[in-house]
Structures are given as structure tokens and as C-alpha cells.
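A short worksheet on the structure shown next.
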Amino acid sequence: MSILILAEHDGKELSPVTLNVIGAATKIGGDIHILVCGKDCDSIAQAAASISSVSKVIKADNEVLEHHLAENIAPIIVDLAKDYTHVLAPATTFGKNILPRAAALLDVQQISDIIVIEDAETFKRPVYAGNAIATVKSSDSIKLITVRGTNFDPVEAAGGSASVEEYSVTASQDLSSFVSAELSESERPELTSAKVVVSGGRGVGSEEKFELIEQLADKLGGAVGASRAAVDAGYVPNDYQVGQTGKVVAPELYIAVGISGAIQHLAGMKDSKVIVAINRDEDAPIFSVADYGLVADLFDAVPELIEKL
Amino acid sequence: MKILVPIKRVVDYNVKIRVKSDQSGVDLANVKMSVNPFDEIAVEEAVRLKEAGKATEIVAVTIGPEKAQEQLRTAMAVGADRGILVQTDQPIDLGGVEPLAVAKTLKAIIEKESPDLVIMGKQSIDDDSNQTGQMLAALLGWAQGTFASKLEIEDSSAKVTREIDGGLETISVNLPAIVTTDLRLNEPRYAKLPDIMKAKKKQLDVLDPSELGFSYEPRLNVVSVSEPEERKGGIKVASVDELIEKLKNEAKVI
Ligand SMILES: Cc1cc2nc3c(=O)[nH]c(=O)nc-3n(C[C@H](O)[C@H](O)[C@H](O)COP(=O)(O)OP(=O)(O)OC[C@H]3O[C@@H](n4cnc5c(N)ncnc54)[C@H](O)[C@@H]3O)c2cc1C
């Protein structure tokens, strides 16, 4: 077995989820190689080389790879894939954008968002917003898979000493180009790997009042999340959305404030260790998954909570 | 500009689905079916482009059972000009027509229809794969603008603002291209009764997959479909003080 992992990074650092994907690869077993694509990405390749259980890093360093356009990265995966039994990427917007493009070029039916590895060919994945779990067995000779990071323990970032090999990027496409990015800046922990997440919903009422959610998160050293309704209403940016079609989180503590608990929201947070719900409607579905439910007006309960913590 | 909009018949997003007791799949008998919500957004975007004078024709395409004609009629009631059904009795949620097969079928249709732009949902809410648009772009050798929250058509290109994990990213894609929709692209309208009536008269072509050279053999064998582990509800606390006490001493998470 030999596994190629598409590393995710932001040009400065490897994303933590890469360690979880490697964790998943160790469950399949075999040689683990990491593909780092980017511009001036040597330090990232070096960081990847020092991850435990990695035996080789392939570095594709070229200015056309700076913005991780799928049209440029997919052909590299296609070129390398013949030497591997599995190609893995995180089930993030990065991995979801690129891997299916490579899969189609390889004539492989990708397996998205796996949560359990049964054996080298058989995987479990959530379907229907997590309301059913499908066990699927692939008959493709190469398996292309995106991995849900929160379901696999990360490997150690240190302790390895893999070699770094250069991949020379031959052709660039002129199908697409990068224009601009508007990235959320935050001092808070990253949403998908935070130990504590405090999320607000439509009940919070406005962008200004969402500060209450942020204050509570800061008090607990946590990240801030939101329901789709809160994002749609413009209280917070899109990258805060937790759920079936947003981010999946599984922190030690998830506090849902003014969120009703639609199945699409639950799909993104029901694997949290402890769930707290604060909602003034005692029949809100969120209470059916909450370990601790507080029926209260959030504008009373949250300030009190902030004060007493 | 001609726009092709692939759509899918899926369980309505409000339905609480049930897994079949023999674990062979999800029970779809007598449940409400709808257009996949992301595809409604795709249709709406195409209609807005037509209303803005940028698009001239909108063709909705679906692969599914005979009844998927209903979803094509819905798309036509909202503004698609005609519909194409590639009819199959294979399951379209799990263990039947898979994303790669859908992408190949769409490619065959696109080669006949020659659209300038394809707008489609980023994922369908049944199998949640999020693959078809990217695969179709790959097979056609076209650019892809995935997870779009804004689409601006320029002369021979389009600017696509994408919802990514870190925030927003804008890219430019040469046309023809594949754009996949995210939730914030627009708010789909509801079809009005007169338009629903008019849609019944619009052209709807039914094709057999074999006419396009396909038979749908799944690559992924669905071994079983099971219920997720049920999360047990906990308790209600009476006050903030009690909540803090429980979190500290019982759950030990703060
Ligand atoms: C295709 C599709 C994908 C989707 N994807 C997602 C997703 O990824 N994530 C997601 O979250 N949703 C998603 N949704 C939307 C989902 O169906 C719900 O509409 C959404 O989660 C509702 O958000 P909410 O709970 O904040 O709002 P509401 O359902 O309106 O709930 C607001 C809650 O706040 C409570 N409340 C109001 N005021 C107060 C107060 N003062 N004090 C205390 N409580 C108060 C109310 O009792 C209510 O329970 C998706 C929907 C579709 C169709």
C-alpha cells in the first residue's frame, strides 16, 4: 500500500487538518507521501518532512500554484497517482475543490468525506446530512478520498525525517486565474480544531448583538461559529457556518445560542463531546441533542454566563 | 449566451429520512421529493442572467426516474426554457448513478447542446458528495468556479467569488466554464401558478442513457446504510449557575 496525501497550507504553514489526514492514512497502512503544492513552499515541505510517519515529501513549487487553482493542481495529482493505491485530501473547501477534478481525469469514483476506515477498500461516510451512514467499498484500482478531519486523530507534527523530492511543473493552463481574496482575520482558534466553539443563530438578532457570542467565546478561549440563518442575515461571514454544507466541528464543548437545531445544523456539530443549548423555546430541536439545555432568553443568560465564568 | 443547468430530484430538505430496516438504503417511498436546494439556486442564477439580458436560453437537465420530470417542470416554471431528462430506474442517491457517471452523461449532453456556461449545485443533499461539477469541468477541460456566492459575467470570462474555509476568494474563469453554487449566491423565487401552467407546455425531451452510450454500473458498492449513533439528549438546567456547575464538575470541560 502506498498513499499520497495532498497537503493543505496557507502559504505560510501547513493546516492542522493535514495531520488528521495523515492519521487516517496510518489506519490504511503503508508508505505515506505528502504532496505540497505552492509557490516558495520549501519551508512547508520541510515541515511536512518532519511529520512522524511520513516517508517522502514531493514538492511542486511554482508560481502557477500559488493560489491552489484546481486546474493547475489536479494534473499533478493525476501524473503522480499511478504510483499509489490511495490519494487522500482533507474534506475542506481546498480538498473538495481539487480532488474530484483529479478523480475524473483518472476515471475514479471518489469517496467523499470518510469518517471510518474499515479496510483499505471499505469506508464509512455520512450521507443525508449525517442522518444515515453509508459503508462503501471501492472497486477502483486507485482510491481517491477526502477525509473528515474531526473523525481521525492527528499524528505528531515532529519526529519524522522524510526526504524532499522536487516535482517539476511543466505546463500551466490558462483556464482560470486568481483575482483577490478576502480572508477572515482572527486571533481566535480555528473553528474546526478549537476545543470550545460558541455558535450563534438567528435568535442573536443582529451583527452588533453577535458581539455577545464573541465575548462568550473569548471568555472560554474558543472559536465562534454560526448557523446558516445567522450567516445569511449578515451577522457574521460565511466561513463561520457550521453544518451539512458548512464546516464540521467536534470540539470538547459546543455552545449553541439562539439556534433552533435544524438537521442541517446538527450535521455539523453533533459529534461534539459536550453540547450546551441556550434557547427560549423549550421545544427547540437543539435540546434533543444537548447534554445541558437552558431554556432562557439569551440576552439574559449569555451576559450572566460571561460575568460568572 | 446559452446556459445549461443540471438539477437533481432529491428528498425535500425538511424530511426526516428513515434508513431501511434491511440496511440497503434510505426509504424513499412516499416521501416528499424536491429540486435539490443548491440546484434551485443554480436555476435562479441562470434566470437572473436571462432577465439581465446576458443569457438567451436556459436548458435544465436531470438524470433520474420518470418522475424527475416534476423537477424539470419546476425549473421551467421558474424560467428554464426547456428540459432534458435522461431517464433511468437506477437509484440516484446511493449505489446507482454516481457523480462520475453523472458528469460523463452531462458531458455527452453538453457536446450536443454547446452551452457557454453551466451552473449547478455544489452538492446534492442526499449523497452529499460535492463532486459532480468539478468532475464535469475536468472531463470537458473547462475551468471551474466552485462554491460561488457571486457570479459576474464579463465578455469571454466570468468572475466567481467563492466561499472558502478562510473567507472569500475571487477567481476569473474563461468561458465556457462550470460554476457550482453555494447558499449565498441568491435567494430562489417561488414559481407562480400561471408560470407553473405555462411550464407544462414547454419542451421536455426524454432520453435513454443507452442513446448516449451509458449504462450505469456503480463503482462504489454500498455494503450497507445504517442509522447514525443516536445522540441521547441530556438534561435541562434551571439556571446559569447550575449550567456552570455542571460544566465544571460533571462534564469537566471548563
Ligand atoms: C441546502 C441547505 C443547506 C443548509 N445548510 C446549513 C448549514 O450548513 N448550517 C446551518 O446551520 N443551517 C443550514 N441550513 C439551514 C437550516 O435548515 C436552518 O434554516 C438554519 O440552521 C436555522 O438557523 P437558526 O437555528 O439560527 O434559525 P432559526 O431556526 O430561526 O432559530 C432561531 C432560534 O433562536 C431562538 N431564539 C430567538 N430569540 C431568542 C432569544 N432572545 N433567546 C433565546 N433564543 C432565542 C428561537 O427560539 C429559535 O429556536 C441549510 C438549509 C438548506 C436548505
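The figures follow:
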{"quantity": "Two-decimal log10 I(q)/I(0) for the stretch B:118-254, as the Debye equation yields it once each C-alpha is a single scatterer, q = 0.11, 0.13 Å⁻¹", "calculated": "-0.76, -0.90"}
{"quantity": "For q = 0.25 Å⁻¹, Debye-computed log10 I/I(0) when each Cα of the stretch B:4-53 counts as one equal scatterer", "calculated": "-0.91"}
{"quantity": "Convex hull volume per residue in cubic angstrom - Cα atoms of the stretch A:1-140", "calculated": "102"}
{"quantity": "Electrostatic dipole magnitude of the stretch B:2-249 [Cβ: Lys, Arg +1; Asp, Glu -1; Cα centre; debye, to 20]", "calculated": "560"}
{"quantity": "DSSP bridge pairs, the protein assembly as shown: antiparallel proportion in percent, nearest 5", "calculated": "35"}
{"quantity": "Accessible heavy-atom area order of A:ASP281, B:ASP127, highest first, probe of 1.4 Å", "calculated": "A:ASP281, B:ASP127"}
{"quantity": "Difference of contour (0.36 nm per residue) and Cα-Cα distance, A:LEU309 to A:ASP10", "calculated": "104.2 nm"}
{"quantity": "Antiparallel content of DSSP bridges confined to chain A, in %, to 5", "calculated": "20"}
{"quantity": "Globularity ratio of chain A, using Cα Rg and 2.2 N^0.38 Å", "calculated": "1.06"}
{"quantity": "Within the protein assembly as shown: Cβ-based charge dipole about Cα centre, in debye rounded to nearest 20 (Lys, Arg +1; Asp, Glu -1)", "calculated": "1320"}
{"quantity": "Restraint check, A:LYS195/B:LYS236; B:LYS20/B:LYS107; A:LYS96/B:LYS248; A:LYS12/B:LYS246; A:LYS59/A:LYS247, Cα-Cα greater than 30 Å", "calculated": "B:LYS20/B:LYS107; A:LYS96/B:LYS248; A:LYS12/B:LYS246"}
{"quantity": "Virtual spin-label span in nm between B:MET197 and A:THR26, 7 Å along Cα→Cβ", "calculated": "6.8"}
{"quantity": "For the stretch A:245-287 versus the stretch B:9-23, the gap between their alpha-carbon centres in whole angstrom", "calculated": "21"}
{"quantity": "Per-selection metrics, the stretch B:30-158 (Cα): Rg and Dmax in Å", "calculated": "14.2, 47"}
{"quantity": "Cα Rg, Dmax, the stretch B:2-249, angstrom units", "calculated": "20.3, 68"}
{"quantity": "Relative contact order (%) - the stretch A:188-309, alpha-carbon pairs under 8 angstrom, separation at least six", "calculated": "24"}
{"quantity": "Dipole of the stretch A:99-197 [Lys/Arg +1, Asp/Glu -1 at C-beta], most positive-end residue of A:PRO100, A:SER141, A:ILE111", "calculated": "A:ILE111"}
{"quantity": "Heavy-atom accessible area ranking, 1.4 Å probe, most first, across A:ILE115, A:ILE259", "calculated": "A:ILE115, A:ILE259"}
{"quantity": "For the protein assembly as shown, accessible area per residue (1.4 Å probe, heavy atoms of protein chains only), Å²", "calculated": "40"}
{"quantity": "Ranked order, B:ARG82, A:ARG202, B:ARG189, B:ARG162 - accessible area, probe 1.4 Å, largest first", "calculated": "A:ARG202, B:ARG189, B:ARG82, B:ARG162"}
{"quantity": "Stokes-Einstein D for the protein assembly as shown, Kirkwood Rh over Cα pairs, 37 °C, 0.692 mPa s (µm²/s)", "calculated": "136"}
{"quantity": "Electrostatic dipole magnitude of the stretch A:74-139 [Cβ: Lys, Arg +1; Asp, Glu -1; Cα centre; debye, to 20]", "calculated": "220"}
{"quantity": "Kirkwood hydrodynamic radius (C-alpha pairs) into Stokes-Einstein, the stretch B:187-242, 37 °C and 0.692 mPa s, D in µm²/s", "calculated": "173"}
{"quantity": "Unit charges at the beta carbon, dipole of the protein assembly as shown: most positive-side option, A:SER172, A:ILE286, A:VAL36", "calculated": "A:ILE286"}
{"quantity": "The stretch A:1-67: C-alpha pair distances exceeding 20 Å, %", "calculated": "21"}
{"quantity": "All aspartates and glutamates inside 18 Å of B:LYS201 as judged from Cα atoms, apart from same-chain residues fewer than 8 positions distant", "calculated": "B:GLU57, B:GLU66, B:GLU70, B:ASP81"}
{"quantity": "Of B:LYS67, B:LYS50, B:LYS104, the one that fluctuates the most in a GNM where chain B has Cα springs shorter than 10 Å", "calculated": "B:LYS67"}
{"quantity": "Simple label model, 7 Å out from Cα along Cβ direction - B:ALA238 to B:ASP89, nm", "calculated": "6.2"}
{"quantity": "For chain B, the longest site-free run once GluC sites (Glu not before Pro) in DSSP loop states with at most 14 other Cβ atoms within 10 Å are removed", "calculated": "B:1-153"}
{"quantity": "Accessible area (Å², 1.4 Å probe, nearest 10) - A:HIS9", "calculated": "10"}
{"quantity": "Cα→Cβ-extended label distance, 7 Å offset, between A:GLU185 and A:PHE299, nm", "calculated": "3.2"}
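The values are calculated or read from the model by the stated rules, or taken from the named source; none is laboratory data. Keep in mind that this is a model prediction, so the values were computed, not measured. FYI the Cβ positions are ideal-geometry reconstructions off the backbone, even for glycines, and counts take in every protein chain you see. Side chains included, ligands, DNA and RNA excluded: accessible areas come from the protein's heavy atoms. Shrake-Rupley method; radii C 1.70, N 1.55, O 1.52, S 1.80 Å.
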